[in-house]
Protein chains: 2
Amino acid sequence: MHILVTNDDGVLAPGLLALAQEMRPFGQVTVLAPDRNWSASGHVKTMERPLRVREVTLADGTPALTSDGAPSDCVALALLGVVPEKIDLVVSGINPNANIGYDVTYSGTVTAAMEAVISGVPGVAVSLDSEPGHGELDYGPAARAAAHVVAQVLKRGLPAGVLLNVNVPQRSEAELRGIQITRQGLRVYRDALDTRRDPRGRPYYWIGGDLPTGVDAAGTDFGALRAGYVSVTPLQLDLTAREALDALRGWWDSPSGAENPAV
Amino acid sequence: MHILVTNDDGVLAPGLLALAQEMRPFGQVTVLAPDRNWSASGHVKTMERPLRVREVTLADGTPALTSDGAPSDCVALALLGVVPEKIDLVVSGINPNANIGYDVTYSGTVTAAMEAVISGVPGVAVSLDSEPGHGELDYGPAARAAAHVVAQVLKRGLPAGVLLNVNVPQRSEAELRGIQITRQGLRVYRDALDTRRDPRGRPYYWIGGDLPTGVDAAGTDFGALRAGYVSVTPLQLDLTAREALDALRGWWDSPSGAENPAV
């Protein structure tokens, strides 16, 4: 069993180290992760510039690889041959903030797991739902929860085109209430524009605002975290809004949905 | 009616100009688009650096705004107040290449429309399925097909959380066979790693390979394009793999799906 570990906030992040350490009992672990923070970077395929890969040493003395590409680039590089041995599973994280609701489309942590699934390799993304203003985070409980999920993935496999998005509350292991299989919930962003003036009087803009919240519905990722459960959401790469298909077909008043679009 | 036009390959791209011109008959059009190419950039929210917005003039002499952010940043900036007037619809494109199958998660064109939908504004992404080795592209037929779709969106609205992904074959208007409402198809990437050596003998890597292809199934985006139809795919922001939920709940042999994850 050979597991690739990556993340979106850089190869030296403590969340990655905790995750890599918990994956070692399953077999060989290779780390290939970005050399800088790519948070909120989305799903990137870097084709306009070449990428470098170099060796680094993690804080526990183990070797790792790092690249100047995005998280999904790291996965592509590894699967395309920078890591010569076959990879059986890609695990991404541990992100220091939750990736729930619409966050998943922005998240480098989640899109790294998507990239694996596109290449036919199972992918698992792991995030810690840290509280604002936390001090140094303890990634141990989240890493062990991830290992618990990964054990099942290795035993049972994942359906084609599906990845798992795991979010863990910031609690001690004794306080984690268990695992809930959830659906993606509704994230409520509270973004605001902070307009400032540079020394020459010209405006510049920070996208900021309060931390996002979520609709605390039962059965959702957000609801599970709020209730103290580890949230495991199966995500698919097929975004088709199937419930909208029939309505749209009616727009052009043709049973086949076909009509010449010339106005 | 106030339409924001953006894209992912830069404010001066001819595909954006063609699209903006076809949107003008619907009402006010504001252009706010990136100042450089962001292809394959994914869904980005830039919060680690401030963004600039400046005025430019399009090739037809009309004013436009450009930002050093990603396509989704441009949408966020506009909706958060850089464009003071209320925006009723965001249209993104015209991308010079198709965005079908799994492309949608990488696509700056599509994620710009996603960003609109997250903010509660309808979003439409438009791409031209150009042939490899094409010369200068004629975006006119695709822009007029987009106008045909937008007319319906303005008349009927879109369900919450749904955007439209429009792909147009590279054909003359007379040769377009009509509109097909499609589901997201299966994209087959043929990425390969091109390993080279710099003048100092150190390796660097291009992610390259042949152009992606697709599974030519009836009812899919790829199938519609192949058959000469304009493909209109409704996409949703909820990625939950609902068919996998029950199977996953069975993994932990508990009716509630809950179990203490401590190993």
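The values are calculated or read from the model by the stated rules, or taken from the named source; none is laboratory data. Source: prediction; values computed, not measured. Ideal geometry is used to build each Cβ from the backbone, glycine not excepted, and the neighbour counts take in all protein chains shown. Accessible surface areas use protein heavy atoms only, side chains included; no ligands, DNA or RNA. Shrake-Rupley method; radii C 1.70, N 1.55, O 1.52, S 1.80 Å.
Arrange the residues A:Lys155, A:Lys45 by how much accessible surface each exposes, largest first, with a 1.4 angstrom probe.
Numbers: A:Lys155 150, A:Lys45 20 Å².
Most to least solvent-accessible, the answer reads A:Lys155, A:Lys45.
To the nearest 20 Debye, how big is the dipole of the protein assembly as shown about its Cα centre, given +1 on the beta carbon of each Lys and Arg and -1 on that of each Asp and Glu?
On the way: 44 positive and 60 negative charges, 37 e Å.
That gives the protein assembly as shown a dipole magnitude of about 180 debye.
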**Prompt:** So for the protein assembly as shown: antiparallel DSSP bridges make up what percent, rounded to the nearest 5?
**Reply:** 50 percent
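Just to be sure I understand: of the beta bridges DSSP finds with both ends in segment A:1-121, what percent are antiparallel, rounded to 5? Intermediate values should be presented prior to the final figure.
Values: 5 of 16 bridges.
If we restrict to bridges inside segment A:1-121, about 30 percent are antiparallel.
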**Asked** Quick one: in chain A, whose Cβ comes closest to the A/B rotation axis, and how close in angstrom?
**Response** A:Gly42, 1
**Prompt:** What gaps in nm, shortest first, separate B:Gly228 from its twins in the other copies when you place the label 7 Å past Cα toward the beta carbon?
**Reply:** 6.5
**Message:** Run the label-point distances for A:Arg49 please: 7 Å along Cα to Cβ, every other copy, nanometres, shortest first.
**Reply:** 1.0
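Which three semi-axes in whole Å describe the equivalent ellipsoid of segment A:81-197, each the square root of 5 times a Cα gyration tensor eigenvalue, listed largest first? Working shown, then result.
Working: eigenvalues 135, 77, 40 Å².
That gives 26, 20, 14 Å for the three semi-axes.
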**Request:** Could you check which residue among A:Leu163, A:Leu193, A:Leu32 shows the biggest mean-square fluctuation in a GNM of chain A with a 10 Å Cα cutoff?
**Result:** A:Leu193
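Across the protein assembly as shown, how large is the tail of the calculated P(r) beyond 34 Å, expressed as a percent of all Cα pairs? The partial results should precede the final answer.
Details: 50016 of 138075 pairs.
Counting every Cα pair in the protein assembly as shown, those more than 34 Å apart make up 36 percent.
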**Complete:** In vacuo Debye sum over C-alpha of chain A, base-10 log of normalised intensity I(q)/I(0) at q = 0.13 Å⁻¹, listed in q order, is -0.85
**Item:** Cα radius of gyration and Dmax for segment B:115-263 (Å)
**Value:** 21.4, 64
**Fill in**
In Å³ per residue, the alpha-carbon convex hull of segment B:1-133 encloses 104 Å³
**Item:** Averaged over A:174-183, number of beta-carbon atoms from partner chains that fall within 10 Å
**Value:** 6
**Request:** Identify, among B:Ala224, A:Pro122, B:Gln28, the residue whose Cα sits farthest towards the positive end of the charge dipole of the protein assembly as shown, taking +1 on the Cβ of Lys and Arg and -1 on the Cβ of Asp and Glu, with the dipole about the Cα centre.
**Result:** B:Gln28
**Message:** Given a 10 angstrom Cα cut-off, can you work out which residue in B:Arg226, B:Arg144, B:Arg52 is the most mobile in a GNM of chain B?
**Reply:** B:Arg52
**Prompt:** Assuming R0 = 22 Å, what is the FRET efficiency of A:Asp60 and A:Ala151, from their Cβ-Cβ distance, to the nearest 0.05?
**Reply:** 0.50
**Prompt:** Once the Cα atoms of segment A:49-110 are picked out, what are the Rg and Dmax in Å?
**Reply:** 13.3, 37
**Message:** Taking amide H atoms as placed 1.01 Å from N in the peptide plane, list the residues 5 or more away in sequence, or in a different chain, whose amide H sits under 5 Å from that of B:Leu51.
**Reply:** A:Tyr205, A:Trp206, A:Ile207
**Asked** Between segment B:220-240 and segment A:91-133, what is the C-alpha centre distance in whole Å?
**Response** 26 Å
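Percentage of Cα-Cα pair distances in segment A:1-79 greater than 18 Å, rounded to whole percent? Write out the running numbers ahead of the final one.
Values: 1075 of 3081 pairs.
It works out to 35 percent of all Cα pairs.
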**Debye equation applied to the C-alpha atoms of segment A:169-238, log10 I(q)/I(0) at 0.20 Å⁻¹** = -0.84
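What do the square roots of 5 times the Cα gyration tensor eigenvalues come to for segment A:125-187, in whole Å, largest first, as semi-axes of the equivalent ellipsoid? Let's see the in-between values first.
Values: eigenvalues 104, 44, 21 Å².
Semi-axis lengths for segment A:125-187 are 23, 15, 10 Å.
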**Item:** Highest-fluctuation residue, A:Ala192, A:Ala64, A:Ala160 considered, GNM on chain A with Cα pairs under 10 Å
**Value:** A:Ala192
**Prompt:** Inter-copy label distances at A:Gly157, 7 Å along the Cα→beta-carbon direction, one decimal in nm, shortest first?
**Reply:** 4.5
**Segment A:Arg202-A:Asp246, extension gain: residue separation times 0.36 nm, minus the distance between their alpha carbons** = 10.9 nm
**Set of lysines near A:Lys45 by C-alpha distance (under 25 Å), chain-local residues within fewer than 8 positions excluded** = A:Lys86, B:Lys45
